[in-house]
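**Student:** Can you keep this structure in mind? I'll have questions shortly.
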Amino acid sequence: MAAVVVSSMMGKMYGLCFHAVRQTAGLKAPWLLHRRAFRISAVHRQQPFDSSLEKPQFPGASADFVDHLEFIQPNVISGIPVYRVMDRQGNIINPSQDPQLSKETVLNFYQKMTMLNTMDRILYESQRQGRISFYMTNYGEEGTHIGSAAALEPTDMVFGQYREAGVLMYRGFPLDLFMAQCYANADDLGKGRQMPVHYGCKDLNFVTISSPLATQIPQAAGAAYALKRENLNRAVICYFGEGAASEGDAHAGFNFSATLECPLIFFCRNNGYAISTPTNEQYRGDGIAARGPGYGMLSIRVDGNDVFAVYNATKEARRRAVAENQPFLIEAMTYRIGHHSTSDDSSAYRSVDEVNYWDKQDHPISRLRHYMTARGWWSEDDERSWRKQSRKTVMEAFERAERRLKPNPELLFTDVYQEMTPGLSRQRDSMWRHVQQYKEHYPVDQYEKQ
Amino acid sequence: MAAAVRFFIRGANSRLSVGTGTGGSLGAALLKLSPSCSSRSKTQRRHAAHFTYQPDPVPTQYVIFGEDVAFGGVFRCTVGLRDKYGKDRVFNTPLCEQGIVGFGIGAAVAGATAIAEIQFADYIFPAFDQIVNEAAKYRYRSGNLFDCGNLTIRAPWGCVGHGSLYHSQSPEAFFAHCPGIKVVIPRGPMQAKGLLLSCIADRNPCIFFEPKILYRAAVEQVPVESYTIPLSEAEILQEGSDVTLVAWGTQIHVLREVSDMAQEKLGVSCEVIDLKTILPWDVETVCKSVVKTGRLLVSHEAPVTGGFAAEISSTVQEECFLNLEAPISRVCGYDTPFPHIFEPFYIPDKWKCFEAIKRMINY
């Protein structure tokens, strides 16, 4: 904050009654003092200074004095409680928390989660068979995607990390385009430039994923700030894992969103592992939710495998974030059932028993299915025919994607800048001349022609 | 536009005389020489050329932010803007460069025109990941679905007489290696306004380095109305026939003096080129000049190894090899961190440039 010093010497020289003396940061030489008069009406004031009170007057904190030495104990044994609506068997615990969504809505939740699961199985296999180069599954975290996506408006912006395909699926991104991106074929909206699962869709307000972790977090704060100024009832949600939350960018994003009052939901998927690194090697505090208060943010921890808990928390956070222009932090506890990616074999660092527990005993999809079957909304026959139909739909999209050519190599050189530059134009011509001369060494036939 | 820029004259302690560019179509330019120390006339010392840009078009989604931007900034570049445009458009951020740039990227992606200030170019490195991995690649990696072309990053740049390691750096070479961003450096107030407005209007993320020594040392009569100076176009400030001198920012003024010295003492005619945009740079203008003169000297304060002179040198020898009469000369900072008390020995001053010209002529 600015320190204001009245200088009567200045007053004589300039004939004005109020001056500020400033020193440029880091350049302390006397000839760099700026003497300038300016209005301070726009400058934020600290609390009024009153030395008669026996209360701390420091600008940095609003607190009382204490006369005994005691360190505040971080509470990791009994941490922030986990909000849930259903028990592990899908029974509603507190009826007032049941969002009482329609059968149609709940069936849609279920079908989106299972469709995602099916697509994951098929694309994971396709990587194993050498058809695509890489893949990341979402096993176990489908509840976090669908629950949160359902609680947002379609115009809300989504900044993701890489394990949020269900959000995109919920919003209606077609299977063909998921496949096109993974195959990097000529239908890919991203023009074949990124590794698989780096989806993006402007129409669905899902900002294209990038590999560096947590970079989206301060960006989400900036986007939320811009949307706040537009005043069109739009929020931003920013997904990241508990590992990415260790990055400096996470700290930056949290702090900026709180100080600049952004309508933003931070959604942390705490799934227990960052590749092979378990949470007890990622942090020592009480997870990510406990950091929120440190930034002045309202925070909650939810059961990420309970799609209704995720839904309720996100819905309320969104409502208040936009109404009150402040960020919210939701830490969704869940478990990464699959490997980190196709480049990972998680049996190297965790037991099969542990994985099986989550797969069999506490899975978001089975929980929701129990909820539906208890209401007579879903039968064994429904399950069988849906599994068959969804697999068929995915396979058809898969086969279409397989047959499609790759994009024209011209697209190697475009979109670096909005306009083509002379230098890139020369490089592109040089590339084509070279490929023309040595064409038997380049897979030209797999790519679309001019 | 949302930014106001102030430039002050400093009568004292300036090692350079500031001239103006050729091409006076934008109005008369006032030449001010600041030759020697004069602590006497205080009225002369504080003379501001203050200009604000035209009123914003609607919608007013232009925002400027960074550390200490609200009160006016440590170099006074944003004085008066908060009162004029409001605290939601001109605001302080927490002290975090990676946050400033990340936030700026996000705001730009969401449609705002974001002008992010980094307090000193020396402190831009925490934001390097956001600039190189995110801003520069946003359009390309999304297949042009998303971009942060509305982002401009401004930072004070270059030596200032006493800045030492962390208030003197010229990091343009780090960013020159990054396709997808533009890097622009003005040599004076008139260029600064036109180039900055071009950066803001440009649909690509731009880094605008402002020579901090010129905040106080340079004065020009700057047109009040809005104007742009094209990016990626180098400017020939002075035509010549014997040797091409290339620089950007503060060093242009050094080369102008060197050019006069060379003419006077050696009878050598120098062609002085202000590169202005480091990335993408104007290869054609520089090469055309070297084809004519046969000799090239590139000069910058940044350390010589891996500095941008290396890129220019490499390209010119590819394009103009048979035209060269002498090896290309780079007169740059030494490969040390920028020193404090040794600054007079470190900087590529006019004597070093003069000596390099002499060697090239006599090669």
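Derivation of every value follows stated rules applied to the coordinates shown; laboratory data play no part. Note that this is a predicted model, so its numbers are computed, not measured. Don't worry about glycine lacking a Cβ; one is built from the backbone with ideal geometry, like all the others, and counts go over all protein chains shown.
**Student:** Averaged across the residues of B:176-185, what count of C-beta atoms belonging to other chains lies within 10 Å of each residue's C-beta? Please list the in-between numbers first.
**Tutor:** Details: counts 0, 0, 0, 5, 3, 2, 2, 0, 0, 0.
Mean inter-chain Cβ contacts per residue within 10 Å come to 1.
**Student:** Could you state, as a whole-number percent, how many of the C-alpha pairs of chain A are farther apart than 44 Å?
**Tutor:** On the way: 27265 of 101025 pairs.
The share of Cα pairs beyond 44 Å in chain A comes to 27 percent.
**Student:** Would you please calculate the Kirkwood hydrodynamic radius of region A:377-450 over all C-alpha pairs and express it in Å, rounded to one decimal?
**Tutor:** Details: mean 1/r = 0.0619 Å⁻¹.
One over the average 1/r among Cα pairs gives 16.2 Å for region A:377-450.
**Student:** In vacuum, with every alpha carbon of region B:266-314 counted as one equal point scatterer, what does the Debye formula give for log10 I(q)/I(0) at q = 0.23 Å⁻¹? Two decimals, please.
**Tutor:** -0.96
**Student:** Counting only DSSP beta bridges with both residues in chain A, what percent are antiparallel, rounded to the nearest 5?
**Tutor:** Numbers: 7 of 33 bridges.
If I count the DSSP bridges inside chain A, around 20 percent turn out antiparallel.
**Student:** How many percent of the alpha carbon pairs in region B:44-223 exceed a separation of 22 Å?
**Tutor:** When all Cα pairs of region B:44-223 are counted, 42 percent exceed 22 Å.
**Student:** Now, a different point. In the calculated pair distance distribution of region A:354-418, what percentage of Cα-Cα distances lie above 20 Å? Each step should come with its number before you reach the end.
**Tutor:** Working: 1274 of 2080 pairs.
When every Cα pair of region A:354-418 is considered, 61 percent fall beyond 20 Å.
**Student:** Can you give the FRET efficiency to the nearest 0.05 for B:Ile361 and B:Tyr334, using r as the Cβ-Cβ distance and R₀ = 22 Å?
**Tutor:** On the way: r = 24 Å, r/R0 = 1.09.
In this case the efficiency is close to 0.35.
**Student:** Find out how many positive minus negative residues lie around A:Arg88, taking Lys and Arg as positive, Asp and Glu as negative, among other residues whose Cβ is under 11 Å from that of A:Arg88. Could the numbers behind the result be given before it?
**Tutor:** Working: positive: A:Arg84, A:Lys360, A:Arg367; negative: A:Asp87, A:Asp303, A:Asp306, A:Asp362.
Result for the local shell: -1.
**Student:** Output the Cα-based Rg and Dmax of region A:216-319 in Å, rounding Rg to one decimal and Dmax to a whole number.
**Tutor:** According to the Cα coordinates of region A:216-319, Rg and Dmax are 13.7, 43 Å.
**Student:** Quick check on region B:235-362: what does the Kirkwood estimate of hydrodynamic radius come out to from the alpha carbon pairs, in Å?
**Tutor:** Working: mean 1/r = 0.0695 Å⁻¹.
Evaluated over region B:235-362, this radius sits at 14.4 Å.
**Student:** Taking the Cα atoms of region A:65-212 alone, what are Rg (to one decimal) and Dmax (as a whole number) in Å?
**Tutor:** Calculated on Cα positions, Rg and Dmax stand at 19.9, 70 Å.
**Student:** How would you classify region A:296-348 from its alpha-carbon gyration tensor, with a ≥ b ≥ c the square roots of the eigenvalues: rounded for a/c under 1.5, else prolate if a/b is greater than b/c, otherwise oblate?
**Tutor:** Details: a/c = 3.42, a/b = 2.47, b/c = 1.38.
Prolate, since a/c reaches 1.5 and a/b exceeds b/c.
**Student:** Normalised by the empirical 2.2 N^0.38 Å for globular proteins, what value does the Cα Rg of the protein assembly as shown take?
**Tutor:** Numbers: Rg = 30.2 Å, N = 813, 2.2 N^0.38 = 28.1 Å.
The value comes to 1.08.
**Student:** Rg to Rh ratio, region B:277-352, alpha-carbon atoms and Kirkwood radius? List each step's numbers first, then the result.
**Tutor:** Details: Rg = 13.6 Å, Rh = 13.3 Å.
Ratio value, two decimals: 1.02.
**Student:** Which one of B:Gly180, B:Leu214, B:Leu165 is farthest out on the positive end of the charge dipole of region B:44-223, using unit charges on Cβ (Lys, Arg +1; Asp, Glu -1) and the Cα centre as origin?
**Tutor:** Result: B:Leu214.
**Student:** Would you please state the base-10 log of I(q)/I(0) at q = 0.18, 0.19 1/Å for region B:62-155, with intensities from the Debye formula using one equal scatterer on every alpha carbon?
**Tutor:** Listed by q, the Debye log ratios stand at -0.75, -0.82.
**Student:** Order of B:Val258, A:Val106 from fewest to most other C-beta atoms within 10 Å?
**Tutor:** A:Val106, B:Val258
**Student:** For the protein assembly as shown, give the share of DSSP beta bridges that are antiparallel, in percent and rounded to the nearest 5; count only bridges with both residues there.
**Tutor:** Details: 18 of 78 bridges.
Once the DSSP bridges in the protein assembly as shown are tallied, antiparallel ones form about 25 percent.
**Student:** To continue, here is another question. P(r) of region A:231-384 in 5 Å steps, Cα pairs, percent per bin?
**Tutor:** Per 5 Å bin, starting at zero, the Cα-Cα P(r) for region A:231-384 comes out as 2, 8, 16, 18, 16, 14, 12, 8, 4, 1, 0 percent.
**Student:** Can I get the semi-axes of region A:167-261's equivalent ellipsoid? Compute them from the C-alpha gyration tensor as square roots of 5 times the eigenvalues, in angstrom, largest first.
**Tutor:** In descending order the semi-axes read 27, 17, 10 Å.
**Student:** Run the dipole for chain A about the Cα centre, Lys and Arg Cβ at +1, Asp and Glu Cβ at -1, nothing else charged, and hand back the magnitude in debye, nearest 20.
**Tutor:** I would put it at about 1360 debye.
**Student:** At a 10 Å Cβ-Cβ cut-off, how would you order A:Met86, A:Met113, A:Met195, fewest neighbours first? Provide the component values of the computation, followed by the final result.
**Tutor:** Details: A:Met86 22, A:Met113 26, A:Met195 17.
Ordered by Cβ neighbours within 10 Å, fewest first: A:Met195, A:Met86, A:Met113.
**Student:** Order these peptides, B:115-121, A:296-302, by their mean beta-carbon neighbour count within 10 angstrom, highest first. Walk me through the numbers on the way to the answer.
**Tutor:** Values: B:115-121: 26.4, A:296-302: 20.9.
Descending mean neighbour count gives B:115-121, A:296-302.
**Student:** Shape of region B:102-151 from its Cα gyration tensor (a ≥ b ≥ c, root eigenvalues): rounded if a/c is under 1.5, otherwise prolate when a/b > b/c, or oblate? Show your work: numbers first, answer last.
**Tutor:** On the way: a/c = 3.17, a/b = 1.52, b/c = 2.09.
Taking the square roots of the gyration eigenvalues as a ≥ b ≥ c, region B:102-151 is oblate.
**Student:** A further question on this structure: Give me A:Trp358, A:Trp377, B:Trp351, B:Trp157 ranked fewest to most by other Cβ atoms within 10 Å of their Cβ, as a rough exposure proxy. Don't skip to the answer; put the middle values down first.
**Tutor:** Values: A:Trp358 18, A:Trp377 15, B:Trp351 12, B:Trp157 31.
Least to most surrounded, the residues fall as B:Trp351, A:Trp377, A:Trp358, B:Trp157.
**Student:** Sorted from largest down, give the three principal axis spans of the alpha carbons of region B:217-277, whole angstrom values.
**Tutor:** On the principal axes, region B:217-277 reaches 42, 25, 15 Å in Cα extent.
**Student:** Longer than 24 Å from Cα to Cα, which of A:Lys228/B:Lys84; B:Lys87/B:Lys137; B:Lys137/B:Lys212; B:Lys265/B:Lys292 are they? Say none if no pair is.
**Tutor:** Details: A:Lys228/B:Lys84 20 Å; B:Lys87/B:Lys137 31 Å; B:Lys137/B:Lys212 29 Å; B:Lys265/B:Lys292 22 Å.
Pairs exceeding 24 Å: B:Lys87/B:Lys137; B:Lys137/B:Lys212.
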